[in-house]
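Data first, discussion second: the structure below is written as C-alpha coordinates.
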Amino acid sequence: MHQVDQIYINGQFVTPHGEELFDLFNPANARRIGQVRLADEQDAISAIRAAKQAFPAFSRTPKAERVDALKRMHAAVASVETQLTEAIIEEYGAPVSRAVWMAKHAASVLLDMANVLDDYAFTRRLGIAEVTLQPLGVAGLITPWNSNAGFICGKLAAALAAGCTAVIKPSEMSAIQTAIVTRALHQAGLPPGVFNIVTGRGETVGAVLSTHADIAKVSFTGSTAVGKQILRAGAETLKRITLELGGKSPVLILDDADLQKAIPMALQAGFMNSGQACIAGTRILVPAHRLADVEALMVEEVAKFQAGDPNDPATSIGPMVSLKQWQRVQRYIQVGIEEGAHLLAGGPGLPEGIGAGWFVRPTVFSRVTNQMTIAREEIFGPVLSIITYSDEEEALTIANDTPYGLQAYILSSAPQRAHALAARIDAGRVLINTLAHEPRAPFGGFKQSGIGREYGTFGLEAFLEPKSVLS
Ligand code: NAD
(Lines give C-alpha, C1' and ligand atoms only; values in the text may rest on other atoms or scores of the structure.)
Protein backbone atom coordinates (compact mmCIF):
# COMPACT_ATOMS: atom_id res chain seq x y z
CA MET A 1 0.00 0.00 0.00
CA HIS A 2 1.25 3.45 -0.88
CA GLN A 3 0.89 6.11 1.79
CA VAL A 4 1.53 9.62 0.54
CA ASP A 5 1.33 11.80 3.61
CA GLN A 6 3.61 14.73 2.96
CA ILE A 7 3.52 17.86 0.88
CA TYR A 8 6.45 20.08 -0.05
CA ILE A 9 6.59 23.63 1.29
CA ASN A 10 9.57 25.96 1.59
CA GLY A 11 12.09 23.25 0.72
CA GLN A 12 10.74 20.81 3.30
CA PHE A 13 8.55 17.74 3.32
CA VAL A 14 5.78 18.48 5.81
CA THR A 15 2.58 16.86 7.03
CA PRO A 16 -0.40 18.70 5.55
CA HIS A 17 -2.70 20.68 7.79
CA GLY A 18 -5.49 19.07 5.75
CA GLU A 19 -6.65 15.74 7.15
CA GLU A 20 -8.73 14.25 4.35
CA LEU A 21 -7.52 10.87 3.11
CA PHE A 22 -8.13 10.19 -0.58
CA ASP A 23 -8.01 6.67 -2.01
CA LEU A 24 -5.69 5.80 -4.88
CA PHE A 25 -6.56 2.98 -7.28
CA ASN A 26 -4.94 0.77 -9.87
CA PRO A 27 -7.32 1.32 -12.81
CA ALA A 28 -6.24 -1.95 -14.46
CA ASN A 29 -7.87 -4.01 -11.68
CA ALA A 30 -9.93 -1.41 -9.77
CA ARG A 31 -8.08 -2.29 -6.54
CA ARG A 32 -7.21 0.30 -3.95
CA ILE A 33 -3.44 0.73 -3.89
CA GLY A 34 -2.99 3.46 -1.33
CA GLN A 35 -4.02 6.75 0.12
CA VAL A 36 -2.93 10.34 -0.07
CA ARG A 37 -3.44 12.85 2.71
CA LEU A 38 -4.73 15.97 0.98
CA ALA A 39 -3.60 19.51 1.57
CA ASP A 40 -6.25 22.12 2.39
CA GLU A 41 -6.68 25.88 2.02
CA GLN A 42 -4.32 26.61 4.90
CA ASP A 43 -1.57 24.52 3.28
CA ALA A 44 -2.11 26.39 0.01
CA ILE A 45 -1.74 29.70 1.83
CA SER A 46 1.50 28.52 3.54
CA ALA A 47 2.88 27.45 0.16
CA ILE A 48 1.99 30.81 -1.41
CA ARG A 49 3.69 32.60 1.48
CA ALA A 50 6.89 30.58 0.94
CA ALA A 51 6.86 31.23 -2.79
CA LYS A 52 6.28 34.94 -2.20
CA GLN A 53 9.24 35.13 0.18
CA ALA A 54 11.47 33.33 -2.30
CA PHE A 55 10.47 35.51 -5.26
CA PRO A 56 12.55 38.70 -4.80
CA ALA A 57 15.89 36.84 -4.68
CA PHE A 58 14.99 34.20 -7.26
CA SER A 59 13.61 36.72 -9.76
CA ARG A 60 16.97 38.47 -9.79
CA THR A 61 19.11 35.37 -10.31
CA PRO A 62 21.33 35.51 -13.39
CA LYS A 63 20.02 33.55 -16.35
CA ALA A 64 22.96 31.15 -16.21
CA GLU A 65 22.04 30.19 -12.66
CA ARG A 66 18.52 29.26 -13.71
CA VAL A 67 19.78 27.35 -16.75
CA ASP A 68 21.96 25.39 -14.39
CA ALA A 69 19.08 24.77 -11.98
CA LEU A 70 16.89 23.45 -14.82
CA LYS A 71 19.68 21.12 -15.93
CA ARG A 72 20.03 19.77 -12.39
CA MET A 73 16.27 19.27 -12.23
CA HIS A 74 16.40 17.44 -15.55
CA ALA A 75 19.14 15.11 -14.30
CA ALA A 76 17.24 14.48 -11.06
CA VAL A 77 13.97 13.57 -12.79
CA ALA A 78 15.81 11.49 -15.42
CA SER A 79 17.40 9.49 -12.58
CA VAL A 80 13.96 8.32 -11.37
CA GLU A 81 12.65 7.43 -14.83
CA THR A 82 12.19 3.73 -14.06
CA GLN A 83 10.37 4.38 -10.80
CA LEU A 84 8.20 7.00 -12.47
CA THR A 85 7.35 4.65 -15.36
CA GLU A 86 6.20 2.01 -12.87
CA ALA A 87 4.06 4.53 -11.00
CA ILE A 88 2.47 5.81 -14.22
CA ILE A 89 1.51 2.24 -15.11
CA GLU A 90 0.22 1.37 -11.66
CA GLU A 91 -1.60 4.57 -10.79
CA TYR A 92 -2.73 5.80 -14.21
CA GLY A 93 -2.81 2.61 -16.29
CA ALA A 94 -0.82 3.87 -19.26
CA PRO A 95 0.43 1.01 -21.44
CA VAL A 96 4.11 0.39 -20.79
CA SER A 97 5.34 1.88 -24.09
CA ARG A 98 3.40 5.07 -23.41
CA ALA A 99 4.45 5.17 -19.75
CA VAL A 100 8.14 4.99 -20.71
CA TRP A 101 7.63 7.94 -23.07
CA MET A 102 5.71 9.89 -20.41
CA ALA A 103 8.46 9.44 -17.81
CA LYS A 104 11.13 10.52 -20.31
CA HIS A 105 9.01 13.49 -21.31
CA ALA A 106 8.76 14.66 -17.69
CA ALA A 107 12.56 14.91 -17.62
CA SER A 108 13.09 16.21 -21.15
CA VAL A 109 10.76 19.22 -20.80
CA LEU A 110 13.15 20.56 -18.16
CA LEU A 111 16.13 20.29 -20.48
CA ASP A 112 14.15 21.73 -23.39
CA MET A 113 13.35 24.81 -21.32
CA ALA A 114 16.98 25.12 -20.15
CA ASN A 115 17.95 25.38 -23.83
CA VAL A 116 15.21 27.91 -24.61
CA LEU A 117 16.32 30.02 -21.65
CA ASP A 118 19.95 29.84 -22.70
CA ASP A 119 19.05 31.44 -26.06
CA TYR A 120 16.56 33.96 -24.73
CA ALA A 121 17.27 37.71 -24.55
CA PHE A 122 15.34 39.33 -21.70
CA THR A 123 16.22 42.84 -22.79
CA ARG A 124 15.85 44.50 -26.17
CA ARG A 125 16.02 48.04 -27.51
CA LEU A 126 13.04 49.58 -29.30
CA GLY A 127 13.70 53.20 -30.35
CA ILE A 128 14.53 55.16 -27.21
CA ALA A 129 13.13 52.40 -24.99
CA GLU A 130 14.90 49.58 -23.29
CA VAL A 131 12.33 46.82 -22.99
CA THR A 132 12.86 44.19 -20.31
CA LEU A 133 10.82 41.05 -19.86
CA GLN A 134 10.22 40.72 -16.16
CA PRO A 135 8.93 37.68 -14.23
CA LEU A 136 5.29 38.00 -13.18
CA GLY A 137 5.58 36.87 -9.55
CA VAL A 138 4.25 33.74 -7.87
CA ALA A 139 2.72 31.26 -10.30
CA GLY A 140 0.00 28.75 -9.45
CA LEU A 141 0.36 25.62 -11.59
CA ILE A 142 -2.54 23.16 -11.78
CA THR A 143 -2.23 19.79 -13.54
CA PRO A 144 -4.60 17.01 -14.69
CA TRP A 145 -4.18 13.26 -14.20
CA ASN A 146 -3.63 12.32 -17.82
CA SER A 147 0.00 13.48 -17.87
CA ASN A 148 0.59 14.67 -14.35
CA ALA A 149 4.38 14.33 -14.10
CA GLY A 150 4.91 15.87 -17.54
CA PHE A 151 2.74 18.88 -16.73
CA ILE A 152 4.34 19.42 -13.30
CA CYS A 153 7.78 19.51 -14.90
CA GLY A 154 6.76 21.43 -18.03
CA LYS A 155 4.90 24.19 -16.22
CA LEU A 156 7.53 24.45 -13.49
CA ALA A 157 10.32 24.64 -16.08
CA ALA A 158 8.71 27.62 -17.82
CA ALA A 159 7.86 29.41 -14.56
CA LEU A 160 11.35 29.04 -13.09
CA ALA A 161 13.05 29.87 -16.39
CA ALA A 162 11.20 33.18 -16.32
CA GLY A 163 12.28 33.85 -12.73
CA CYS A 164 8.86 33.22 -11.19
CA THR A 165 8.45 31.09 -8.09
CA ALA A 166 5.67 28.52 -7.96
CA VAL A 167 3.01 26.64 -6.07
CA ILE A 168 2.00 23.47 -7.85
CA LYS A 169 -1.32 21.74 -7.32
CA PRO A 170 -1.07 18.37 -9.03
CA SER A 171 -4.03 16.13 -9.73
CA GLU A 172 -5.12 14.40 -6.54
CA MET A 173 -5.43 11.15 -8.51
CA SER A 174 -1.71 11.17 -9.37
CA ALA A 175 -0.21 11.42 -5.88
CA ILE A 176 2.26 8.54 -6.27
CA GLN A 177 3.79 10.05 -9.41
CA THR A 178 3.85 13.46 -7.74
CA ALA A 179 5.69 12.07 -4.71
CA ILE A 180 8.41 10.58 -6.95
CA VAL A 181 8.81 13.79 -8.95
CA THR A 182 8.85 15.93 -5.78
CA ARG A 183 11.60 13.86 -4.17
CA ALA A 184 13.65 14.08 -7.36
CA LEU A 185 13.17 17.84 -7.74
CA HIS A 186 14.15 18.33 -4.11
CA GLN A 187 17.49 16.68 -4.92
CA ALA A 188 18.19 19.42 -7.46
CA GLY A 189 18.86 21.75 -4.50
CA LEU A 190 16.95 24.90 -5.37
CA PRO A 191 16.52 27.61 -2.72
CA PRO A 192 13.63 26.94 -0.29
CA GLY A 193 10.26 28.26 -1.41
CA VAL A 194 11.15 28.56 -5.10
CA PHE A 195 8.73 25.74 -5.80
CA ASN A 196 6.15 24.17 -3.51
CA ILE A 197 4.00 21.15 -4.24
CA VAL A 198 0.64 20.77 -2.51
CA THR A 199 -1.59 17.92 -3.59
CA GLY A 200 -5.17 18.72 -2.70
CA ARG A 201 -8.61 19.09 -4.18
CA GLY A 202 -9.39 21.54 -6.94
CA GLU A 203 -12.22 23.10 -4.95
CA THR A 204 -9.90 23.85 -2.04
CA VAL A 205 -6.22 24.20 -2.99
CA GLY A 206 -7.02 24.97 -6.65
CA ALA A 207 -9.58 27.58 -5.64
CA VAL A 208 -7.07 29.32 -3.34
CA LEU A 209 -4.54 29.48 -6.18
CA SER A 210 -7.06 31.05 -8.53
CA THR A 211 -8.24 33.70 -6.06
CA HIS A 212 -5.32 34.60 -3.77
CA ALA A 213 -4.01 38.13 -4.27
CA ASP A 214 -0.37 36.99 -4.08
CA ILE A 215 -0.72 34.69 -7.08
CA ALA A 216 0.14 36.68 -10.21
CA LYS A 217 -0.27 33.90 -12.74
CA VAL A 218 -2.20 30.67 -13.09
CA SER A 219 -1.24 28.04 -15.62
CA PHE A 220 -3.90 25.36 -15.79
CA THR A 221 -4.33 22.19 -17.82
CA GLY A 222 -7.61 20.39 -17.48
CA SER A 223 -11.22 20.52 -18.52
CA THR A 224 -12.82 23.48 -20.27
CA ALA A 225 -15.47 23.75 -17.53
CA VAL A 226 -12.88 24.17 -14.75
CA GLY A 227 -10.76 26.45 -16.99
CA LYS A 228 -13.69 28.85 -17.26
CA GLN A 229 -14.16 28.81 -13.48
CA ILE A 230 -10.49 29.67 -12.98
CA LEU A 231 -10.70 32.51 -15.49
CA ARG A 232 -13.70 33.94 -13.66
CA ALA A 233 -12.08 33.49 -10.25
CA GLY A 234 -8.85 35.10 -11.42
CA ALA A 235 -10.60 38.15 -12.87
CA GLU A 236 -10.99 39.78 -9.46
CA THR A 237 -7.21 40.18 -9.09
CA LEU A 238 -6.54 40.34 -12.86
CA LYS A 239 -4.33 37.28 -12.86
CA ARG A 240 -2.45 36.38 -16.00
CA ILE A 241 -3.95 33.07 -17.01
CA THR A 242 -2.87 30.29 -19.34
CA LEU A 243 -5.47 27.62 -20.00
CA GLU A 244 -4.81 24.36 -21.83
CA LEU A 245 -8.22 22.75 -22.12
CA GLY A 246 -10.15 20.18 -24.09
CA GLY A 247 -10.33 19.32 -27.75
CA LYS A 248 -12.30 17.58 -30.45
CA SER A 249 -9.56 17.39 -33.02
CA PRO A 250 -10.38 16.64 -36.66
CA VAL A 251 -8.32 14.19 -38.72
CA LEU A 252 -8.77 15.20 -42.35
CA ILE A 253 -8.10 12.29 -44.65
CA LEU A 254 -7.91 13.89 -48.09
CA ASP A 255 -9.08 12.03 -51.19
CA ASP A 256 -5.47 11.65 -52.39
CA ALA A 257 -4.37 9.91 -49.17
CA ASP A 258 -2.99 6.39 -49.20
CA LEU A 259 -5.57 4.74 -46.94
CA GLN A 260 -3.22 1.90 -46.02
CA LYS A 261 -1.08 4.49 -44.24
CA ALA A 262 -3.76 7.01 -43.31
CA ILE A 263 -6.12 4.70 -41.41
CA PRO A 264 -3.50 3.28 -39.00
CA MET A 265 -2.22 6.81 -38.40
CA ALA A 266 -5.72 8.16 -37.79
CA LEU A 267 -6.33 5.40 -35.26
CA GLN A 268 -3.07 6.14 -33.49
CA ALA A 269 -4.03 9.81 -33.32
CA GLY A 270 -7.40 8.86 -31.87
CA PHE A 271 -6.35 6.16 -29.44
CA MET A 272 -3.19 7.83 -28.12
CA ASN A 273 -2.88 7.86 -24.34
CA SER A 274 -5.80 5.37 -24.28
CA GLY A 275 -7.99 8.12 -25.76
CA GLN A 276 -7.44 10.23 -22.63
CA ALA A 277 -5.66 12.94 -24.59
CA CYS A 278 -6.78 16.50 -25.19
CA ILE A 279 -5.08 16.32 -28.61
CA ALA A 280 -6.68 13.00 -29.62
CA GLY A 281 -7.93 13.02 -33.21
CA THR A 282 -11.50 12.02 -32.49
CA ARG A 283 -13.33 13.20 -35.62
CA ILE A 284 -12.09 11.35 -38.68
CA LEU A 285 -13.23 13.19 -41.80
CA VAL A 286 -13.24 11.05 -44.94
CA PRO A 287 -14.36 11.60 -48.55
CA ALA A 288 -17.88 10.18 -48.95
CA HIS A 289 -16.95 8.24 -52.08
CA ARG A 290 -14.23 6.35 -50.17
CA LEU A 291 -16.37 5.46 -47.14
CA ALA A 292 -16.74 1.77 -48.00
CA ASP A 293 -12.95 1.36 -48.32
CA VAL A 294 -12.38 3.35 -45.14
CA GLU A 295 -14.86 1.27 -43.15
CA ALA A 296 -13.42 -2.04 -44.35
CA LEU A 297 -9.86 -1.02 -43.52
CA MET A 298 -10.89 0.53 -40.23
CA VAL A 299 -12.42 -2.75 -39.00
CA GLU A 300 -9.18 -4.57 -39.86
CA GLU A 301 -6.96 -1.97 -38.24
CA VAL A 302 -8.99 -1.44 -35.03
CA ALA A 303 -8.64 -5.16 -34.36
CA LYS A 304 -4.88 -4.59 -34.02
CA PHE A 305 -5.41 -2.30 -31.02
CA GLN A 306 -5.36 -4.35 -27.88
CA ALA A 307 -7.01 -3.03 -24.73
CA GLY A 308 -5.76 -4.80 -21.62
CA ASP A 309 -2.94 -5.27 -19.12
CA PRO A 310 -0.81 -2.11 -19.30
CA ASN A 311 2.29 -4.12 -18.41
CA ASP A 312 1.92 -6.24 -21.55
CA PRO A 313 4.05 -4.67 -24.31
CA ALA A 314 1.38 -5.72 -26.85
CA THR A 315 -1.21 -3.50 -25.17
CA SER A 316 -1.89 -0.20 -26.87
CA ILE A 317 -4.92 0.96 -24.89
CA GLY A 318 -4.94 0.95 -21.11
CA PRO A 319 -7.87 1.42 -18.74
CA MET A 320 -9.67 4.69 -18.06
CA VAL A 321 -8.21 6.41 -15.02
CA SER A 322 -11.26 6.04 -12.78
CA LEU A 323 -14.65 4.43 -12.51
CA LYS A 324 -16.19 7.86 -13.08
CA GLN A 325 -14.25 8.27 -16.31
CA TRP A 326 -15.20 4.74 -17.42
CA GLN A 327 -18.88 5.46 -16.80
CA ARG A 328 -18.62 8.72 -18.72
CA VAL A 329 -17.14 6.96 -21.75
CA GLN A 330 -19.75 4.19 -21.57
CA ARG A 331 -22.47 6.84 -21.50
CA TYR A 332 -21.11 8.44 -24.68
CA ILE A 333 -21.02 5.07 -26.44
CA GLN A 334 -24.67 4.62 -25.52
CA VAL A 335 -25.52 8.11 -26.73
CA GLY A 336 -23.78 7.40 -30.05
CA ILE A 337 -25.92 4.30 -30.53
CA GLU A 338 -29.11 6.13 -29.51
CA GLU A 339 -28.44 9.04 -31.84
CA GLY A 340 -28.21 6.62 -34.77
CA ALA A 341 -24.47 6.42 -35.47
CA HIS A 342 -23.32 3.13 -37.01
CA LEU A 343 -21.21 1.10 -34.57
CA LEU A 344 -18.34 -0.11 -36.72
CA ALA A 345 -16.09 -1.52 -33.99
CA GLY A 346 -16.16 -1.92 -30.21
CA GLY A 347 -19.22 -0.87 -28.24
CA PRO A 348 -20.44 -0.85 -24.65
CA GLY A 349 -19.02 -2.95 -21.82
CA LEU A 350 -15.62 -4.45 -21.09
CA PRO A 351 -13.37 -5.81 -23.86
CA GLU A 352 -13.65 -9.56 -24.41
CA GLY A 353 -11.69 -11.63 -21.87
CA ILE A 354 -11.38 -8.82 -19.34
CA GLY A 355 -13.29 -9.20 -16.08
CA ALA A 356 -12.02 -6.30 -13.98
CA GLY A 357 -10.58 -2.85 -14.36
CA TRP A 358 -11.87 0.24 -16.12
CA PHE A 359 -11.26 -0.89 -19.67
CA VAL A 360 -13.18 0.30 -22.71
CA ARG A 361 -13.47 -1.52 -26.03
CA PRO A 362 -11.66 0.45 -28.76
CA THR A 363 -14.73 1.93 -30.42
CA VAL A 364 -15.30 3.50 -33.82
CA PHE A 365 -18.61 4.90 -34.98
CA SER A 366 -19.23 5.53 -38.66
CA ARG A 367 -21.82 7.60 -40.50
CA VAL A 368 -21.68 10.16 -37.74
CA THR A 369 -22.88 13.70 -38.41
CA ASN A 370 -20.98 16.61 -36.98
CA GLN A 371 -24.07 17.64 -35.02
CA MET A 372 -24.26 14.39 -33.02
CA THR A 373 -23.23 14.57 -29.37
CA ILE A 374 -20.30 12.19 -29.91
CA ALA A 375 -18.91 14.55 -32.56
CA ARG A 376 -19.34 17.69 -30.50
CA GLU A 377 -18.36 16.79 -26.94
CA GLU A 378 -14.99 15.66 -25.67
CA ILE A 379 -15.33 12.01 -24.61
CA PHE A 380 -11.78 11.46 -23.30
CA GLY A 381 -11.72 7.76 -24.09
CA PRO A 382 -11.05 5.48 -27.08
CA VAL A 383 -14.21 6.39 -28.99
CA LEU A 384 -13.87 7.81 -32.50
CA SER A 385 -16.30 9.14 -35.09
CA ILE A 386 -16.06 8.84 -38.87
CA ILE A 387 -17.77 11.74 -40.64
CA THR A 388 -18.03 11.98 -44.42
CA TYR A 389 -17.58 15.08 -46.57
CA SER A 390 -18.29 15.72 -50.24
CA ASP A 391 -15.45 18.09 -51.10
CA GLU A 392 -12.51 19.89 -49.52
CA GLU A 393 -14.56 22.99 -48.66
CA GLU A 394 -17.03 20.89 -46.76
CA ALA A 395 -14.21 19.06 -45.00
CA LEU A 396 -12.84 22.40 -43.84
CA THR A 397 -16.24 23.61 -42.69
CA ILE A 398 -16.77 20.46 -40.62
CA ALA A 399 -13.22 20.60 -39.22
CA ASN A 400 -13.79 24.16 -37.98
CA ASP A 401 -17.38 23.58 -36.85
CA THR A 402 -16.51 22.87 -33.20
CA PRO A 403 -16.19 24.96 -30.05
CA TYR A 404 -12.63 23.61 -29.74
CA GLY A 405 -9.43 24.33 -31.65
CA LEU A 406 -6.48 22.58 -30.06
CA GLN A 407 -5.03 20.36 -32.76
CA ALA A 408 -5.86 19.06 -36.24
CA TYR A 409 -4.35 16.37 -38.46
CA ILE A 410 -4.18 16.29 -42.26
CA LEU A 411 -3.32 13.06 -44.04
CA SER A 412 -2.57 13.54 -47.72
CA SER A 413 -0.04 12.63 -50.37
CA ALA A 414 -0.03 16.20 -51.70
CA PRO A 415 2.02 18.33 -49.28
CA GLN A 416 1.17 21.69 -50.90
CA ARG A 417 -2.52 20.98 -50.77
CA ALA A 418 -2.23 19.92 -47.12
CA HIS A 419 -0.32 23.09 -46.22
CA ALA A 420 -2.89 25.30 -47.94
CA LEU A 421 -5.62 23.59 -45.93
CA ALA A 422 -3.63 23.84 -42.69
CA ALA A 423 -3.58 27.62 -43.08
CA ARG A 424 -7.40 27.66 -42.96
CA ILE A 425 -7.91 25.40 -39.94
CA ASP A 426 -8.61 27.05 -36.60
CA ALA A 427 -6.31 25.06 -34.34
CA GLY A 428 -3.18 25.80 -32.36
CA ARG A 429 -1.34 22.95 -34.04
CA VAL A 430 -1.84 21.21 -37.36
CA LEU A 431 0.06 17.97 -37.95
CA ILE A 432 0.54 16.95 -41.57
CA ASN A 433 1.29 13.24 -42.07
CA THR A 434 2.96 13.03 -38.67
CA LEU A 435 2.19 12.46 -35.00
CA ALA A 436 5.44 14.06 -33.87
CA HIS A 437 5.82 16.64 -31.10
CA GLU A 438 7.99 19.75 -31.47
CA PRO A 439 8.94 21.12 -28.04
CA ARG A 440 10.23 24.41 -29.49
CA ALA A 441 6.89 25.22 -31.14
CA PRO A 442 4.02 26.78 -29.20
CA PHE A 443 1.24 24.51 -28.02
CA GLY A 444 -2.24 25.61 -27.03
CA GLY A 445 -5.74 26.12 -28.27
CA PHE A 446 -7.88 28.41 -30.36
CA LYS A 447 -11.46 29.08 -29.24
CA GLN A 448 -12.60 27.11 -26.15
CA SER A 449 -9.50 24.90 -26.17
CA GLY A 450 -7.74 27.53 -24.15
CA ILE A 451 -5.90 30.79 -23.80
CA GLY A 452 -2.17 31.28 -24.28
CA ARG A 453 0.59 28.90 -25.28
CA GLU A 454 3.08 26.56 -23.64
CA TYR A 455 6.52 25.29 -24.76
CA GLY A 456 9.44 27.16 -26.27
CA THR A 457 9.79 30.93 -26.09
CA PHE A 458 6.00 31.38 -26.22
CA GLY A 459 5.71 29.23 -23.10
CA LEU A 460 8.48 31.17 -21.35
CA GLU A 461 6.90 34.52 -22.20
CA ALA A 462 3.63 33.38 -20.63
CA PHE A 463 5.41 33.96 -17.28
CA LEU A 464 6.89 37.33 -18.25
CA GLU A 465 5.62 40.88 -18.55
CA PRO A 466 7.33 43.56 -20.65
CA LYS A 467 8.52 46.75 -19.02
CA SER A 468 9.73 49.75 -21.08
CA VAL A 469 12.24 52.20 -19.68
CA LEU A 470 12.55 55.32 -21.84
CA SER A 471 15.46 57.71 -21.62
P1 NAD B 1 -10.24 18.77 -14.35
O2 NAD B 1 -10.48 20.06 -15.01
O3 NAD B 1 -11.33 18.15 -13.59
O4 NAD B 1 -9.03 18.89 -13.33
C5 NAD B 1 -7.78 19.43 -13.69
C6 NAD B 1 -7.11 19.96 -12.45
O7 NAD B 1 -7.86 21.05 -11.97
C8 NAD B 1 -7.03 18.95 -11.30
O9 NAD B 1 -5.81 19.14 -10.63
C10 NAD B 1 -8.18 19.37 -10.43
O11 NAD B 1 -8.01 19.03 -9.08
C12 NAD B 1 -8.17 20.88 -10.61
N13 NAD B 1 -9.44 21.55 -10.31
C14 NAD B 1 -10.69 21.02 -10.31
N15 NAD B 1 -11.58 21.97 -9.96
C16 NAD B 1 -10.90 23.11 -9.75
C17 NAD B 1 -11.26 24.44 -9.36
N18 NAD B 1 -12.52 24.78 -9.14
N19 NAD B 1 -10.29 25.36 -9.24
C20 NAD B 1 -9.01 25.05 -9.49
N21 NAD B 1 -8.59 23.81 -9.84
C22 NAD B 1 -9.53 22.86 -9.97
O23 NAD B 1 -9.66 17.85 -15.49
P24 NAD B 1 -9.17 16.35 -15.37
O25 NAD B 1 -10.40 15.52 -15.31
O26 NAD B 1 -8.14 16.19 -14.34
O27 NAD B 1 -8.43 16.18 -16.80
C28 NAD B 1 -9.10 15.91 -17.97
C29 NAD B 1 -9.34 17.17 -18.78
O30 NAD B 1 -8.13 17.86 -19.01
C31 NAD B 1 -9.90 16.88 -20.15
O32 NAD B 1 -11.02 17.67 -20.37
C33 NAD B 1 -8.77 17.26 -21.11
O34 NAD B 1 -9.18 17.70 -22.34
C35 NAD B 1 -8.02 18.28 -20.37
N36 NAD B 1 -6.61 18.28 -20.78
C37 NAD B 1 -6.15 19.28 -21.57
C38 NAD B 1 -4.83 19.30 -21.98
C39 NAD B 1 -4.27 20.41 -22.83
O40 NAD B 1 -3.07 20.58 -22.86
N41 NAD B 1 -5.08 21.17 -23.50
C42 NAD B 1 -3.99 18.29 -21.57
C43 NAD B 1 -4.48 17.28 -20.77
C44 NAD B 1 -5.80 17.30 -20.37
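The values are calculated or read from the model by the stated rules, or taken from the named source; none is laboratory data. Bear in mind the structure is a predicted one, so any value in this text is a computation, not a measurement. Cβ sites come from the backbone with ideal geometry, for glycine too, and all protein chains shown count toward neighbours. Remember, those area values only see protein heavy atoms, side chains included, never the ligands or the DNA or RNA. Shrake-Rupley method; radii C 1.70, N 1.55, O 1.52, S 1.80 Å.
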Enumerate the lysines that Lys261 could reach by cross-link, defined here as Cα to Cα under 25 Å, with residues fewer than 8 away along the same chain left out. Lys248, Lys304
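Please tell me the relative contact order of the stretch 80-198 in percent, rounded to the nearest whole number, where contacts are Cα pairs under 8 Å and at least six residues apart. Don't jump to the answer; show the numbers that get you there.
Details: 159 pairs, mean separation 32.5, N = 119.
Reported as a whole number, the value is 27 percent.
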HN-Hα couplings for the stretch 182-195 via Karplus (6.51, -1.76, 1.60; θ = phi - 60°), in whole Hz with x for Gly/Pro, come out as 4, 4, 5, 5, 4, 4, 6, x, 7, x, x, x, 4, 9
Among Ala427, Leu252, Gly275, the residue whose Cα sits farthest towards the positive end of the charge dipole of the stretch 250-432 (+1 at Cβ of Lys and Arg, -1 at Cβ of Asp and Glu, taken about the Cα centre) is Gly275
With axes computed from alpha carbons, what is the tilt in degrees of helix 41-59 against the longest principal axis of the chain, rounded to the nearest 10 within 0 to 90? 70 degrees
Beyond a 20 Å Cα-Cα separation, which of these cross-linked pairs lie in this structure: Lys228/Lys447; Lys52/Lys239; Lys71/Lys239? Lys71/Lys239
Tell me the net charge near Ile451. Cut-off is 15 Å between Cβ atoms, Ile451 excluded, with +1 for each Lys or Arg and -1 for each Asp or Glu. +4
Under the definition of Cα pairs under 8 Å and six or more residues apart, what whole-number percent is the relative contact order of the stretch 250-432? 28 percent
Which three extents, in whole angstrom, do the alpha-carbon atoms of the stretch 1-149 cover along their principal axes, largest first? 65, 38, 23
Using amide H atoms built 1.01 Å from N in the peptide plane, name the residues 5+ places from Leu24, or on other chains, whose amide H lies under 5 Å from its own. Ile33, Gly34, Gln35, Val36
Phi to ³J(HN,Hα) by Karplus 6.51 cos²θ - 1.76 cosθ + 1.60 over the stretch 423-439, Hz, x for Gly, Pro: 5, 9, 8, 8, 8, x, 9, 10, 9, 9, 6, 8, 10, 6, 10, 10, x
Residues other than Glu244 with Cβ under 10 Å of its Cβ, Lys/Arg counted +1 and Asp/Glu -1, net out at +1
Work out from phi, with θ = phi - 60° and the Karplus expression 6.51 cos²θ - 1.76 cosθ + 1.60, the ³J(HN,Hα) of each residue of the stretch 76-91, listed in order in whole Hz, and give x for Gly and Pro. 5, 6, 4, 6, 10, 3, 5, 4, 5, 4, 4, 5, 4, 5, 5, 8
Quotient of C-alpha Rg and 2.2 N^0.38 Å, computed over the stretch 250-432: 0.98
Any residue on another chain or 5+ positions along whose placed amide H is under 5 Å from the amide H of Leu384 is listed here as Thr363, Val364, Phe365
Amide H to amide H, which residues 5 or more places from Phe446 or on other chains are under 5 Å from it, using H placed in the peptide plane? Gly405, Leu406, Gly428
May I ask you to list the aspartates and glutamates whose Cα is less than 15 Å away from that of Lys467, ignoring any residue fewer than eight positions away on the same chain? Glu130
Ranked packing of 176-186, 27-37, most packed first, by mean Cβ within 10 Å: 176-186, 27-37
Sorted largest first, extent of the stretch 194-261 alpha carbons per principal axis (Å): 55, 24, 22
Please report the net charge: other residues with Cβ closer than 14 Å to the Cβ of Phe58, K and R +1, D and E -1. +2
Can you tell which of Pro264, Asn400, Ile354 lies farthest toward the positive end of the dipole of the chain, using +1 and -1 charges on the Cβ of basic and acidic side chains (Lys, Arg; Asp, Glu)? Asn400
Given a cut-off of 30 Å, what percent of all Cα-Cα pairs of the chain lie beyond it? 46 percent
Would you mind telling me the antiparallel percentage of the DSSP bridges in the chain, rounded to 5? 40 percent
Once exposed loop GluC sites (Glu not before Pro) are cut out (DSSP; at most 11 other Cβ, 10 Å), longest piece of the chain: 20-235
Considering the options Phe55, Val299, Thr15, tell which one lies farthest towards the positive end of the dipole of the chain, charges being +1 on Lys and Arg and -1 on Asp and Glu at the Cβ, about the Cα centre. Phe55
Per residue, how many Å² of accessible area does the stretch 250-432 show with a 1.4 Å probe? 38 Å²
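Using only alpha carbon pairs under 8 Å that are at least six residues apart, calculate the relative contact order of the chain and give it in whole percent.
The normalised contact order for the chain reaches 18 percent.
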